[in-house]
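Since the structure comes first, as structure tokens, the remarks are kept for the end.
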Amino acid sequence: MAVITPLQKARLQYAPKLPGMLRHGISEICVKEGEATQSVADQEKIHALFPNTYGKPEITFEKGQNTSPAKKQVVGVILSGGQAPGGHNVVCGLYDALKATDSANVLLGFRNGPSGLLEDDYIEFDDAYIDQFRNTGGFDIIGSGRTKLETEEQFAVAAEVAKKHGLTAIVIIGGDDSNTNAAVLAEYFAAHETGVQVIGCPKTIDGDLKNEDIECSFGFDTATKTYSELIGNIERDANSAKKYWHFVKVMGRSASHVALECALETQPNVCLISEEVAAKKMSLSQIADYIADSVNKRADNGMNFGVAIIPEGVVEFVPEFSVLIAEINELLAGSKADEFNALASWKEKYAFIENGLTKESMAVFAILPETIQQQLFLERDPHGNVQVSLIESEKLFSALVKAKLEERRKAGTYKGKFSPLHHFFGYEGRCAFPSNFDADYCYSLGYNAFMLIQYGYNGYLSKISNLSKPAEEWVAGGMPITKMMNMERRHGEDKPVIRKALVELDGKPFRFFEANREAWAVETAYTYPGAIQYYGPTEVCDLTTRTLALEKGE
Ligand code: FBP
């Protein structure tokens, strides 16, 4: 029998807060339909691809007589993609609403992501099973996976499985790609008159599934608070020992929302923002100089320590580095990889590389530390491409900075000491106990998803808004997923996809950071957010992110 820690036990008892309008009991929730919607771009193309689910109205729930038709519901739920704190509460909220409506309703959980639906691998939830997972982190309630539901064949299998169980709806808890696929599946089900509805829920710690309708994805709050706690602790250690420069890489795949939020929470000396690197077309050398300037100025003031935050995806945003990666992929395509691997020494391999790269890319390659150079040729994905996300960019930048400082030392402009340490925070935050915000938000998303099902909606994303206010004032409803879509080039084809949100350089969170970073680069302006608090005053326990507060003008 697994040991349950005191915090875990206490969290199992926590009653998540619902939006005020969902607190009256299921029989007193009515729906208000808004205007018909349009996709954010490429309206004609998206309409043509989604003839049955396009243009539907936005939904808001209100207090009033529940007018949904009585119908036994058999709902399937899937957790898709990377873990994000709060996923269990989405399932719990969905289960509670479904059972509160009719105890004969059934919730099935398909195991290990979308593949569970295709393989008909599922469990049927009951109170005893669900109760163990309330307010806990992780996706281990049913597991998650990254199989994509995107082909007609897969949809046909999904329809068969749905028919076998008499499913009335499927809830897909996922990021932008998974919810794009949810929209395509919803359209397929509608076109084939299966009677199965599909509802999505916005998940990802990366924070890149947001738009004018979705204020934030769940998990971002807890993950960034967890990383910020750790970064704050490191800052305090740095400021105590005064001898190390810490280079901290944080997850977030492409977008820098996680890095930016952590910077707003902890006020480090440096934080790179990939979107800015791309906009300014910064080279590796320019980025290294930018960091070295902070190291240099602080050393001039007797502070040979500091903290720099590096977003996971930054190297892909450095134009010259992207070209280098593309050339390496080309250089090792097909049988050329075997030829390269057969070479016995790094010296021979280096000559092969020198021969195959353009002069410009070779110049970029040449300034990389040897460990990173070798990493570029070791870590390949199943298609043979360099796995950029595995590049230890925190080590790359500290090595480049070191080289810059040596040049400055020779020129007599730097006299400090530089001892770098490296960290990568990602998995540490993805399964943390959800903050009260994520526990409440996720439970509400799941509860609300069931209301959308009960009222017969298909192809909608569960939407809870007004999130910077107390939960009582949150607004519950739904938005057609097609509203968030545009056409993008993917694998050589134009595809309808939910537009991914990168950090906006004219947005309030970045602007705030930009206005303060020069001072933070030189001073020691660290802030220490501390651990997530679950019990205590609301101003400590129910804090949302700085990003959300700034976006909302608070
Ligand atoms: P999702 O987009 O599926 O939410 O995953 C986000 C993420 O945590 C990224 O931040 C990270 O780059 C990636 O997953 C890591 O994936 P994996 O766990 O498969 O290594």
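The values are calculated or read from the model by the stated rules, or taken from the named source; none is laboratory data. Computed from a predicted model, the values in this text were never measured in an experiment. When we count neighbours, we look across all protein chains shown, and the Cβ atoms used for this are built from the backbone with ideal geometry, even at glycine. Keep in mind that these areas ignore ligands, DNA and RNA; they rest on the heavy atoms of the full protein, side chains included. Shrake-Rupley method; radii C 1.70, N 1.55, O 1.52, S 1.80 Å.
Can you tell me the length gained on complete extension of the stretch residue 422 to residue 283, counting 0.36 nm per residue apart and subtracting the Cα distance? Walk me through the intermediate numbers first.
Numbers: separation 139, 0.36 × 139 = 50.04 nm, distance 2.17 nm.
Between residue 422 and residue 283, full extension yields 47.9 nm more.
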### Message
Counting only protein heavy atoms and a 1.4 Å probe, tell me what percentage of segment 440-511's accessible area is made up of carbon and sulfur.
### Response
47 percent
### Query
Which links in 281/500; 203/552; 210/242 stretch past 31 Å when you go from one Cα to the other?
210/242
### Message
With 45 Å as the cut-off, how large is the P(r) tail for the chain, expressed as percent of Cα-Cα pairs?
### Response
20 percent
### Task
List the residues whose amide H sits under 5 Å from the amide H of residue 478, counting only those 5 or more places along or on another chain, with H placed 1.01 Å from N in the peptide plane.
59, 60, 463
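Rounded to the nearest 5, what % of DSSP beta bridges with both residues in segment 1-109 are antiparallel? Intermediate results must be reported in sequence, preceding the final value.
Numbers: 6 of 10 bridges.
Restricted to segment 1-109, the bridges split so that about 60 percent are antiparallel.
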### Query
So who's got an amide H within less than 5 Å of the one on residue 271, skipping anything under 5 residues away but keeping other chains? H placed 1.01 Å off N, in plane.
309
### Query
Tell me, how many Å apart are the Cα centres for segment 455-520 and for segment 109-136?
27 Å
### Message
Straight-line reach from residue 280: which aspartates and glutamates fall under 20 Å, measuring Cα to Cα and dropping same-chain residues less than 8 apart?
### Response
289, 293, 312, 316, 320, 360, 504, 506, 514, 518
### Query
Length gain on complete extension for the stretch residue 383 to residue 156, per 0.36 nm per residue less the alpha carbon to alpha carbon distance?
79.0 nm
## Note on the structure
Using alpha-carbon positions, the gyration tensor of segment 221-318 gives root eigenvalues a ≥ b ≥ c; with a/c under 1.5 called rounded, otherwise prolate if a/b exceeds b/c, else oblate, the class is oblate
### Message
Quick check: Cα centre of segment 338-375 to Cα centre of segment 526-554, how many Å?
### Response
47 Å
### Task
Search the structure for amide H atoms under 5 Å from the amide H of residue 170, placed 1.01 Å from N in the peptide plane, and list their residues when 5 or more places away or on another chain.
76, 197, 198, 199
### Summary
Once both label points are put 7 Å beyond Cα along the C-beta direction, the residue 300-residue 411 separation in nm becomes 1.3 nm
### Task
Obtain the nm distance between the two label points defined at residue 504 and residue 164 by a simple spin-label model: each point lies 7 Å from its Cα along the Cα-to-C-beta direction.
4.6 nm
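Roughly how many Å² is the accessible area per residue of the chain, as a whole number, for a 1.4 Å probe? Provide the component values of the computation, followed by the final result.
Details: 22910 Å² over 554 residues.
Result: 41 Å² of accessible area for each residue.
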### Query
When the label point is put 7 Å from the Cα of residue 239 along its Cα-to-beta-carbon vector, which residues of segment 256-277 have a backbone N closer than 13 Å?
266-269
#### Entry: segment 155-164 - phi-based ³J(HN,Hα) in whole Hz, Karplus 6.51/-1.76/1.60, Gly and Pro as x
5, 5, 5, 4, 5, 4, 4, 4, 5, 4
### Query
Which whole-Hz couplings ³J(HN,Hα) result when phi for each residue of segment 372-378 is put into the Karplus expression 6.51 cos²θ - 1.76 cosθ + 1.60, θ = phi - 60°, listed in order with x for Gly and Pro?
6, 4, 5, 4, 4, 9, 9
### Message
Give me the extension gain from residue 44 to residue 212: residue separation times 0.36 nm, minus the current Cα-Cα distance, reported in nm with one decimal.
### Response
58.4 nm
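Scan segment 122-210 for GluC sites (Glu not before Pro) in coil per DSSP, keeping those whose Cβ has at most 11 other Cβ atoms within 10 Å, and list them by number. Before the final figure, lay out the partial values.
Numbers: sites: 124, 150, 152, 153, 160, 187, 193; in loops: 150, 193.
Passing sites in segment 122-210 are 193.
Suppose R0 equals 56 Å; then what is the FRET efficiency for residue 493 and residue 519 from their Cβ-Cβ distance, rounded to the nearest 0.05? Present the calculation step by step, with values, prior to reporting the outcome.
Numbers: r = 47 Å, r/R0 = 0.84.
So, using R0 = 56 Å, E works out to roughly 0.75.
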### Query
Any idea how many Lys pairs in segment 1-97 come in under 22 angstrom at the alpha carbon, given 8 or more places apart or on separate chains?
7
### Task
With a point put 7 Å past each Cα toward its Cβ, work out how far residue 322 is from residue 100 in nm, to one decimal.
4.7 nm
## Note on the structure
As straight-line cross-link partners of residue 336, the qualifying lysines (C-alpha separation under 18 Å, not fewer than 8 residues apart within one chain) are 347, 349
### Task
Go through segment 269-277 residue by residue and turn each phi into a ³J(HN,Hα) via Karplus (6.51, -1.76, 1.60, θ = phi - 60°); whole Hz please, and just put x for glycine and proline.
6, 9, 9, 7, 10, 4, 4, 6, 4
### Query
In deg cm²/dmol, rounded to 500, what helix-only [θ] at 222 nm does the chain give when every DSSP H run of at least 4 residues adds -39500 (n - 2.57) and the total is split over its residues?
-13500 deg cm²/dmol
